[in-house]
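Participant: This is the structure, below, for whatever I ask next.
Nothing in this text is a laboratory measurement; each read-out follows from the coordinates by a stated rule. Nothing here was measured: the structure is a model prediction, and the numbers come from that model. Methodologically, a virtual Cβ is constructed for each residue, glycine included, from the backbone with ideal geometry; neighbour enumeration extends over all protein chains shown.
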Amino acid sequence: MQNKNLQLYWRRNLKYLFILLLVWFVVSFGCGIIFADSLNAIKLGGFPLGFWFAQQGSIYVFVILIFIYVRLMNQLDKEFDVDEK
Amino acid sequence: MGVQTWTFIIVGFTFLLYIGVAIWARAGSTKEFYVAGSGVSPLANGMATAADWMSAASYLSMAGLISFMGYGGSQYLMGWTGGYVLLALLLAPYLRKFGKFTVPDFIGERYYSSQARIVALICAIFVSFTYVVGQMKGVGVAFARFLEVPFSTGILIGIGIVFFYAVLGGMKGITYTQVAQYCVLIFAFTVPAVFISLQMVGNPIPQIGMGGTMSDGTYLLDKLNLLSTDLGFTAYTESGMNNRVNIFFITAALMMGTAGLPHVIVRFFTVPKVKDARISAGYALLFIAILYTTAPAIAAFARTNLVQTVSEQPYDGMPQWFKKWEGAELLAFEDKNQDGLIQYVANPEINELTIDPDIMVLANPEIANLPAWVIALVVAGGLAAALSTAAGLLLVIATSISHDLLKNYLHPNISEKGELLAARIAIAVAVVAAGLAGMNPPGFVAQVVALAFGLAASSFFPAIVLGIFDKRMNKEGAISGMIVGIVFTSIYIWYFKPQLGGPGTVEGHWFGISPEGIGTLGMMINLVVALVVSRMTAPPPQSVQDIVEDIRVPRGAGGATH
């Protein structure tokens, strides 16, 4: 495996991390805390939206984020031929 | 059959189950004892991690806390789940590739320093021990309250069971018993929730039911908000302006603390491959999320039920559960205005009813008139939660002693058999010590658990993340960062916690941040100090930089090694 390739692999990894962690931050600290008040004006069924994000929605997003990460990394590993056989 | 009989039966059955699993999963080598031979499937690891993570606090106390805090409870919900994203993305796969057995292993090798290893192992032991004492206390309380077994005897039984499967099977025994315990606790937690959700809003799925409508057509949460504000409390779903910074900091401290706790991290050493480490973090959070999204629903249902049952109602007409918890002194009524009715309001001058939030999960099935076996099941679930977490913590303590202290520091020539024996003795001693401490817990157990999270967030989390993502991070930077982080966080927590003897007051909190949230600031300080100091001192040796390069690539992950 070339050094160059590994650097590229790592940079792609970091890019994925950045995007996923951005979503992580926005949905929990953003929707659940900083903007919870404003979001509460919107209703999701019986839930004020900010409250829903803080008590349920963010958790669902966390789970999805991890599975997306797994999917992306499995593909990335194959692409750069560093996956475990 | 009464609750007590059912409790004996169900709890007894679950204990037999754990013992059976323990015998099947005996450990024969240090690799099996420390990391279950690295052969645990991601799904099983996910369940075991979930059980390991969800302690008596998650199970019993959290829903109660949320029911009294409303929106404010979200800091626990997000704080104790969000950290898994950090674990999956920033730690688990790389640590698995690193291939050693413990967190101090990683710190010691990555920062090529036995001082770093020692600092890490002291922190690991301190964090884990304080945490486990709390669990033991929970076990004692559960036995005392439901099986009418004296508190100390209850703890003895608890440590007896843990002793058996931990000493026999080490990580292997613990992992598979945790899988069984997860099944017990999740079933026990969701069954009452489903029943209550059906009763209150006609929907069996609590997560959806929470947003449902009651029989009179109003949304449950709207009704709850109205009931709350009528009595002078803040609306249940409202996020108060003044608390925002603190909630932010607490949530962050809990998230990063989660990702820095040794007993959680070590779970990812037990899977066969790097990609298994990633996906088992996903499974772990999925299994955790089932409980964590049910809990706020239970909280809302319980709160609504409680207020509707007691507010302005005659004291003499209160149902069975009210009398029972009053008898247990976890609920108290004082008829201040002598009108025979219960005034439950926010104003402390007028308020006549005080309730310990811890009873909410246990009282909920009774409030909803569910059959006795359901209540017994909840007790078994609480015990499963406490024992599974206790076992994971005890293993960390034992491996710190036998592996990090003995093998890697004091006695490098110890044989495999010798190390295995030392590990068994260490865990036996740790179990007993934790039991004894649990019988006489210092009054400040809960405060010390807050310290545990703060320490993990301000010391381990940055040290490990920097170790993986910053090749230039060297031993001087890491150690200075860790020490400054730990010292700052500990002093702040001690100072502002009167229970620990500190003189500070709430008014003195920096930026309004309470001790529970200071770990976030500690983490930031650690980061800055570590980065600055590392750039002012020599880079790490090439061999260490090669390790960092290597752990960033999945291929080549062998079984975990010495």
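Participant: Distance from the Cα centre of segment B:360-425 to that of segment B:159-201, in angstrom?
Facilitator: With segment B:360-425 and segment B:159-201 each reduced to a Cα centre, they are spaced 12 Å.
Participant: Quote the convex hull volume per residue of segment B:1-123, based on C-alpha atoms, as a whole number of Å³. Before the final figure, lay out the partial values.
Facilitator: Values: hull volume 22.2 nm³, N = 123.
Taking only Cα atoms, segment B:1-123 has a hull volume of 180 Å³ per residue.
Participant: Another one. Mean residue ellipticity at 222 nm from the helices of chain A, using -39,500 (n - 2.57) per DSSP H segment of n ≥ 4 over the full residue count, to the nearest 500 deg cm²/dmol? Intermediate results must be reported in sequence, preceding the final value.
Facilitator: Details: 4 runs with 53 residues, N = 85.
So the helix-based figure for chain A works out to -20000 deg cm²/dmol.
Participant: For chain B, what is the mean residue ellipticity at 222 nm derived from helices alone (per DSSP H run of n ≥ 4: -39500 (n - 2.57); sum divided by total residues; nearest 500 deg cm²/dmol)? Numbers along the way, then the final one.
Facilitator: Numbers: 23 runs with 372 residues, N = 562.
So the helix-based figure for chain B works out to -22000 deg cm²/dmol.
Participant: Moving to a separate point now. For Cα pairs less than 8 Å apart in space and 6+ apart in sequence, what is the mean separation divided by the residue count of segment A:10-79, i.e. the relative contact order in percent? Before the final figure, lay out each step's value.
Facilitator: Working: 51 pairs, mean separation 21.3, N = 70.
Taking the mean separation of contacting Cα pairs over the length of segment A:10-79, I get 30 percent.
Participant: Another question about this same structure. With viscosity set to 0.692 mPa s and temperature to 37 °C, compute the Stokes-Einstein D of segment B:493-562, Rh being the Kirkwood radius across alpha carbon pairs; µm²/s, no decimals.
Facilitator: 202 µm²/s
Participant: Over segment B:353-404, what number does the Rg to Rh ratio reach, with both radii from the alpha-carbon atoms and Rh per Kirkwood? Before the final figure, lay out each step's value.
Facilitator: Values: Rg = 16.9 Å, Rh = 13.5 Å.
Ratio value, two decimals: 1.26.
Participant: For the protein assembly as shown, I need the span (max minus min coordinate) of the C-alpha atoms along each principal axis, in Å, sorted largest to smallest.
Facilitator: Each principal axis gives a Cα extent; for the protein assembly as shown these are 79, 51, 50 Å.
Participant: How would you classify chain B from its alpha-carbon gyration tensor, with a ≥ b ≥ c the square roots of the eigenvalues: rounded for a/c under 1.5, else prolate if a/b is greater than b/c, otherwise oblate?
Facilitator: Values: a/c = 1.98, a/b = 1.50, b/c = 1.32.
Judged from the Cα gyration tensor, chain B comes out prolate (a/c at least 1.5, a/b above b/c).
Participant: Tell me the relative contact order for chain B as a rounded percent, counting alpha carbon contacts under 8 Å between residues six or more apart. Walk me through the numbers on the way to the answer.
Facilitator: Numbers: 1034 pairs, mean separation 166.2, N = 562.
Over chain B, the number comes to 30 percent.
Participant: Provide, in order from the shortest bin, the percent of all Cα-Cα pairs of segment B:288-352 in each 5 Å bin, continuing until the bin that contains the maximum pair distance.
Facilitator: With a bin width of 5 Å, the distribution comes to 4, 15, 20, 23, 17, 9, 6, 4, 1, 0.
Participant: Sort B:Leu91, B:Leu362 so the one with the fewest other Cβ atoms within 10 Å of its own Cβ comes first.
Facilitator: Values: B:Leu91 26, B:Leu362 23.
The most exposed by this proxy come first: B:Leu362, B:Leu91.
Participant: Here's something else I'd like to know. Under a Cβ-only charge scheme (Lys and Arg +1, Asp and Glu -1), can you give me the dipole magnitude of segment B:1-142 about the Cα centre, in debye to the nearest 20?
Facilitator: Numbers: 8 positive and 4 negative charges, 52 e Å.
My answer is approximately 260 debye.
Participant: Mean 1/r over all different Cα pairs, inverted: what Kirkwood radius does segment B:403-562 give, in Å?
Facilitator: Working: mean 1/r = 0.0536 Å⁻¹.
About 18.7 Å, per the Kirkwood formula over Cα pairs.
Participant: Positive end of the dipole of the protein assembly as shown, charges at C-beta (+1 Lys, Arg; -1 Asp, Glu), about the Cα centre: which of B:Ala457, B:Ile493, A:Phe47 has its Cα farthest in that direction?
Facilitator: Going by the charge dipole, the pick is B:Ala457.
Participant: What does the charge dipole of segment A:10-79 about its Cα centre add up to, to the nearest 20 debye, if the Cβ of each Lys and Arg holds +1 and the Cβ of each Asp and Glu holds -1? Write down the numbers at each step before the final one.
Facilitator: Working: 6 positive and 3 negative charges, 47 e Å.
The dipole magnitude comes to about 220 debye.
Participant: Under a point spin-label approximation (7 Å from Cα along Cα-to-Cβ), what is the B:Met536-A:Tyr60 distance to one decimal in nm?
Facilitator: Each label point lies 7 Å from its Cα, and together they span 5.0 nm.
Participant: Taking the alpha-carbon set of segment B:329-446, what are its Rg and Dmax in Å?
Facilitator: Rg and Dmax of segment B:329-446, Cα atoms, are 23.5, 77 Å.
Participant: With viscosity set to 1.002 mPa s at 20 °C, what whole-number translational diffusion coefficient in µm²/s follows for chain A from Stokes-Einstein and a Kirkwood radius over Cα pairs? Display every interim value, and only then the final one.
Facilitator: Details: Rh = 14.7 Å.
In µm²/s, the coefficient rounds to 146.
Participant: Related question: Rounded to whole Å and sorted largest first, what semi-axes of the equivalent ellipsoid does the C-alpha gyration tensor of segment B:233-324 yield via the square root of 5 times each eigenvalue? Provide the component values of the computation, followed by the final result.
Facilitator: Values: eigenvalues 311, 80, 26 Å².
They are 39, 20, 11 Å, listed from largest to smallest.
Participant: Oh, and also: Pairs to check: B:Lys417/B:Lys475; B:Lys100/B:Lys417; B:Lys407/B:Lys475; A:Lys78/B:Lys407. Give those whose C-alpha atoms are more than 28 Å from each other in this structure. Don't jump to the answer; show the numbers that get you there.
Facilitator: On the way: B:Lys417/B:Lys475 32 Å; B:Lys100/B:Lys417 18 Å; B:Lys407/B:Lys475 21 Å; A:Lys78/B:Lys407 38 Å.
Long pairs (Cα-Cα over 28 Å): B:Lys417/B:Lys475; A:Lys78/B:Lys407.
Participant: Can you tell me the dipole magnitude for chain B around its Cα centre, using point charges on the Cβ only (Lys, Arg +1; Asp, Glu -1), in Debye to the nearest 20? Show your work: numbers first, answer last.
Facilitator: Working: 30 positive and 32 negative charges, 495 e Å.
Dipole size: approximately 2380 debye.
Participant: Starting from 0 in steps of 10 Å, tell me what percent of the Cα-Cα pairs of segment B:436-508 lands in each bin.
Facilitator: 18, 38, 27, 15, 2
Participant: Separate question: In the protein assembly as shown, if the dipole is taken from +1 on Lys/Arg beta carbons and -1 on Asp/Glu beta carbons about the Cα centre, which of B:Met524, B:Ile247, B:Thr505 is farthest to the positive end?
Facilitator: Comparing the listed Cα positions along the dipole, B:Met524 ranks first.
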